[in-house]
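Report on the following structure.
Computed from the coordinates by the stated procedures, all read-outs in this text should not be read as laboratory data. Because the structure is predicted, anything quoted here is derived from the model rather than measured. All Cβ positions, even for glycine, are placed from backbone atoms using ideal geometry, and neighbour counts span all protein chains on display.
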Number of protein chains: 2
Amino acid sequence: MHFISEQRLDDSVLERKFTLGKIPGILWTPASASGGAPVPLILLGHPPLGLHKMYPRLLARARHAAADGFATATIELPGSGDRPRWPAAEQARADLRRAMEAGEPVSDEIIDALILPLVEKAVPEWQAALDDLLKLPEIGGPVGYSGGVISIGVRLARVDPRIVAAGLFAGSFVPRTMYEEARHVTIPLHVLLQWDDEGNDRQAALNLFDAFGSKEKSLHANMGRHTGVPQYAGDSAAQFFTRHLK
Amino acid sequence: MHFISEQRLDDSVLERKFTLGKIPGILWTPASASGGAPVPLILLGHPPLGLHKMYPRLLARARHAAADGFATATIELPGSGDRPRWPAAEQARADLRRAMEAGEPVSDEIIDALILPLVEKAVPEWQAALDDLLKLPEIGGPVGYSGGVISIGVRLARVDPRIVAAGLFAGSFVPRTMYEEARHVTIPLHVLLQWDDEGNDRQAALNLFDAFGSKEKSLHANMGRHTGVPQYAGDSAAQFFTRHLK
């Protein structure tokens with residue numbers, strides 16, 4: 001991990017851009033963290049739209065978390081932003097677009113082709129980022145994962161014991177095999193569901209929530225479409241991380 | 001409304017027992033409320049097990065609300081505690097017990113017989129209590145309704161414009177006609193659902209949540225059985241009332 005820029009925002013948050021091999025990433029730490037006790041870390045997931053496009057929303061989440069005493073970090077997803085595409089993913093995206101424009105249901109085959117390779121590629125990258133982030137003196141633990149492609153969160157929660165709590169957003173397509181993976185997830189979960197999400201099958205989201213093996217899991221359903229998560233729902237997710245990471 | 005006893009608890013809450021005609025009730029006000037500005041009111045619903053049996057849980061909710069600056073009040077339900085039973089309700093309870101002991105599904109006829117007369121009798125009584133409570137100088141508004149038999153909450157929210165927000169507990173049987181009533185409820189709602197509630201049909205609860213006409217409604221599902229609502233779920237309900245009644 002190499003830091004390539006450093007910027008103090010409002011005297012309250014330190015933003016550092018980095019590269020991990022060829023993967024761009026961003027680390028935000030509360031300004032109070034440097035020199036003080038190491039702080040817990042939340043990995044900020046995001047949809048595969050590119051870090052540049054997602055930056056304003058990621059920064060807002062990072063500021064909120066910093067005010068609560070958390071460091072946050074994110075990396076570019078494979079095939080997003082300036083990272084190279086691969087043909088199968090481009091094909092799956094084209095198939096998805098075609099199905100949605102035709103008003104057809106999105107088949108399990110399209111969902112598998114779209115999501116499973118993304119999970120396979122992304123999860124080891126997030127783990128490598130975590131290896132390096134946890135070596136920084138200002139970052140302690142424990143570690144949480146928040147948002148983004150829910151299947152990446154499910155896989156990370158299943159395979160990486162360093163992640164002790166996850167806030168998931170039931171707002172993307174879920175491959176069939178993920179329900180079985182979800183049974184093996186046992187960490188505390190806080191799951192957001194937008195009841196009227198245009199790109200989401202509500203029943204699939206409820207089934208996934210039901211499948212999780214976690215003893216502590218909460219589903220928070222709010223009205224509105226995909227990007228309409230109300231402010232108070234974000235506050236309640238923040239309280240979840242404060243309960244589990246402090 | 002006649003006050004029949006008055007007791008200061010821990011210097012922070014004033015508890016006054018009252019009768020409304022022949023109906024017993026309890027009013028809790030923050031100790032700071034007497035002499036100060038009038039405070040908002042939350043009506044505390046409860047299951048039909050009698051005020052005496054429910055007192056410890058009601059008091060805990062009242063203390064929490066008082067700490068947030070709210071007055072709370074509750075009245076005995078028709079047919080509960082020392083109030084007279086009526087034969088049809090006794091018959092419906094016996095039918096319910098028989099069906100549950102036999103492991104049979106509880107029929108719509110039993111649910112209607114059990115709940116609809118209770119709603120018809122109870123709602124005007126809560127409204128009469130509200131008439132008198134709002135005349136007290138220490139009680140201002142707005143008014144919220146919280147918990148208890150969900151159909152009583154639905155009916156109150158539909159018919160009484162003084163109630164501006166409701167926290168409902170999806171933990172009791174719902175007559176078929178309530179789904180239609182729910183469409184006419186438009187105030188902000190905070191709905192708790194215990195995912196593994198033994199006495200509750202999860203799909204029925206999700207259908208009722210979907211039916212509500214409110215633009216702002218949140219569903220909070222937590223693991224556990226009927227009485228296992230976690231502490232943090234109670235905190236989040238309290239924040240809901242603070243957002244809407246202050």
Q) Can you list the residues, at least 5 places off or on another chain, whose amide H is less than 5 Å from the amide H of residue A:139, using H built in the peptide plane? A) A:39
Q.
Taking the square root of 5 times each eigenvalue of the Cα gyration tensor, what semi-axes in Å does the equivalent ellipsoid of region B:38-194 have, largest first?
A. 28, 17, 15
Q: Return P(r) of region A:1-84 (all Cα-Cα pairs; 5 Å bins starting at 0; whole %; ordered from short to long distances).
A: 3, 16, 26, 26, 17, 8, 3, 0
Q. Between residue A:230 and the same site in the other copies, what are the distances in nm, shortest first, taking label points 7 Å from Cα along the C-beta direction?
A. 2.1
Q. Tell me, what ³J(HN,Hα) does each residue in region A:76-81 have, in order and in whole Hz, if you take phi through Karplus 6.51 cos²θ - 1.76 cosθ + 1.60 with θ = phi - 60° and put x for Gly and Pro?
A. 5, 7, x, x, 10, x
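Hey, which of these cross-link pairs are over 23 Å Cα-Cα: A:53/A:217; A:22/A:135; A:215/A:246; A:17/A:217; B:217/B:246; B:22/B:135? Intermediate results must be reported in sequence, preceding the final value.
Values: A:53/A:217 31 Å; A:22/A:135 19 Å; A:215/A:246 19 Å; A:17/A:217 33 Å; B:217/B:246 18 Å; B:22/B:135 19 Å.
Flagged as over cut-off: A:53/A:217; A:17/A:217.
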Q | Per-peptide average of other Cβ atoms within 10 Å, ordering A:125-133, A:95-103, B:38-46 highest first | A | B:38-46, A:125-133, A:95-103
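Might you report the magnitude of the Cβ-based charge dipole of chain B about its Cα centre, with Lys and Arg at +1 and Asp and Glu at -1, to the nearest 20 debye? Before the final figure, lay out the partial values.
On the way: 26 positive and 29 negative charges, 85 e Å.
Rounded to the nearest 20 debye, it is 400 debye.
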(Q) Counting just the Cα atoms, what span does region B:99-165 cover along each of its three principal axes? Round to the nearest Å and put the largest first. (A) 52, 19, 19
Q) How would you order A:135-141, B:164-170 from highest to lowest mean count of nearby Cβ atoms within 10 Å? A) B:164-170, A:135-141
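Count charges around residue A:88 for me, please; just the other residues with Cβ under 14 Å from its Cβ, Lys/Arg as +1, Asp/Glu as -1.
On the way: positive: A:85, A:93, A:121; negative: A:90, A:95, A:109, A:112, A:120.
Value of the local net charge: -2.
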Q) How long are the semi-axes of the ellipsoid equivalent to region A:10-59, from square roots of 5 times the Cα gyration tensor eigenvalues, in whole Å, largest first? A) 22, 13, 10
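Suppose we keep just the DSSP beta bridges with both residues in chain B; what percent of those would be antiparallel, to 5? The partial results should precede the final answer.
On the way: 19 of 42 bridges.
Counting only bridges with both partners in chain B, antiparallel ones make up about 45 percent.
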Q: Could you check how many percent of all C-alpha pairs in region A:125-246 are farther apart than 21 Å?
A: 37
Q.
I need to check one value: relative contact order of chain A, counting alpha carbon pairs closer than 8 Å and at least 6 residues apart, in percent.
A. 16
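Per residue of B:211-219, what is the mean number of Cβ atoms on other protein chains within 10 angstrom of that residue's Cβ? Kindly include the intermediate steps, with their values, before the conclusion.
Values: counts 0, 1, 0, 1, 2, 5, 4, 9, 7.
For peptide B:211-219, the averaged partner shielding equals 3.
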Q. Taking amide H positions as placed 1.01 Å from N in the peptide plane, with prolines and chain starts having none, which residues 5 or more places from residue B:224, or on another chain, fall under 5 Å of its amide H?
A. B:195, B:196
(Q) Among B:110-123, B:3-16, how do they line up by average Cβ neighbours within 10 Å per residue, starting with the highest? (A) B:110-123, B:3-16
Q. Can you give the average number of partner chain beta-carbon atoms within 10 Å of each beta-carbon in peptide A:220-227, as a whole number?
A. 4
Q) What helices does chain A have that are whole DSSP H segments, at least 18 Å long along their own axis by Cα, and with mean Kyte-Doolittle hydropathy of 1.6 or more? A) none
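How big is D, in µm² s⁻¹, for region B:179-223 by Stokes-Einstein at 20 °C and 1.002 mPa s if Rh is the Kirkwood radius over C-alpha pairs?
Numbers: Rh = 10.8 Å.
Translational diffusion coefficient: 198 µm²/s.
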Q) Taking the Cα centre of each part, how many Å lie between region A:1-80 and region A:118-170? A) 14
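Ignoring everything except DSSP H segments at least 4 long, calculate the 222 nm mean residue ellipticity for the protein assembly as shown; use -39,500 (n - 2.57) per segment, divide by total residues, nearest 500.
On the way: 14 runs with 200 residues, N = 492.
Computed mean residue ellipticity for the protein assembly as shown: -13000 deg cm²/dmol.
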Q) What number, in percent, do you get for the relative contact order of region B:97-239 if the mean sequence gap of Cα pairs under 8 Å and at least 6 apart is divided by its residue count? A) 19
Q. If you add up the charges near residue B:30, with Lys and Arg at +1 and Asp and Glu at -1, over every other residue whose beta carbon is less than 15 angstrom from its beta carbon, what do you get?
A. -1
**Q.** Descending principal axes extents, the protein assembly as shown, alpha-carbon based, whole Å
**A.** 77, 51, 36
(Q) For region B:34-98, what does the relative contact order come out to in percent, with C-alpha contacts under 8 Å and a separation of six or more? (A) 36
